[in-house]
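For reference, the structure discussed in these notes is given below.
The values are calculated or read from the model by the stated rules, or taken from the named source; none is laboratory data. Just so you know, these numbers come straight off a predicted model, no measurement behind them. Positions of Cβ are generated from backbone atoms using ideal geometry, with glycine treated the same way; all protein chains shown enter the neighbour counts. Heads up: the accessible areas ignore ligands, DNA and RNA and are worked out on the full protein's heavy atoms, side chains in. Shrake-Rupley method; radii C 1.70, N 1.55, O 1.52, S 1.80 Å.
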Amino acid sequence: QVQLSESGGGLVQPGESLRLSCAPSGSVASINVLAWYRQTPRKERELIATITNGGYTHYRDSVKGRFTISRDNAKNTVDLQMNSLKPEDTAVYYCNAKALLLDPSEYWGQGTQVTVSL
C-alpha cells in the first residue's frame, strides 16, 4: 500500500509561484510513475505532469514553460514547481502514483487547493 502526503497549496496573486510537494510512504519501491493532476468544479480531473523512474517527463501544453515536475527516485518523492501562475490555474491539485509491476495499483493524495487571484 502507498500513502501520498501533499502540501504546498495556498492563495497567491497572478504571476507568483508555489511549490507543491508529494511524499509517498509505504511500499514506495513499487511506484513507477508519479504525476500531478488538477480539478475544478467545471472540469474533469486533468493530468498536468508526469515523471517516470527513468526521469522522462510530460507536461500539459498549458503549463509548459511554467511548471516543472521533479522526482527523487531514491525516495520516490515528487514536487511541482509552479511559476507565473494564472487565475486559470486555480484548482485542487492531486498527487498520483502508479505501481505497474508486482500489484498494479493507483494511489491518490488528498488534494491541495491552489487559488490564484488578486
Restricted to the range 52-80, and to residues that are more than 22 Å from Ser25 (Cβ to Cβ) and part of a strand (DSSP E or B), which residue is least open to solvent (accessible area, probe 1.4 Å)?
-> Phe67
In the range 38-51, residues that are assigned to a strand (DSSP E or B) and either open to solvent by less than 40 Å² (accessible area, probe 1.4 Å) or at positive phi (or both) total 6
Output the number of residues of the range 1-32 satisfying the condition of being open to solvent by 30 Å² or more (accessible area, probe 1.4 Å), touching a residue at least 40 places away in the same chain (Cβ under 8 Å) and assigned to a strand (DSSP E or B).
-> 7
In the range 34-57, is there at least one residue being in contact (Cβ under 8 Å) with a residue 24 or more places away in the chain and among the aromatic types (Phe, Trp, Tyr)?
-> yes
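Residues are listed down the side, and each one gets a yes or a no for (1) out of contact with any helix residue (DSSP H, G or I) (no Cβ under 8 Å at 6 or more places or on another chain); (2) closer than 16 Å to Leu100 by Cβ; (3) modelled with pLDDT of 95 or more:
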{"site": "Ser5", "(1), (2), (3)": "yes, no, no"}
{"site": "Pro24", "(1), (2), (3)": "yes, yes, no"}
{"site": "Ala35", "(1), (2), (3)": "yes, yes, yes"}
{"site": "Lys43", "(1), (2), (3)": "yes, no, no"}
{"site": "Glu46", "(1), (2), (3)": "yes, no, yes"}
{"site": "Ala49", "(1), (2), (3)": "no, no, yes"}
{"site": "Thr57", "(1), (2), (3)": "yes, no, yes"}
{"site": "Ile69", "(1), (2), (3)": "yes, no, yes"}
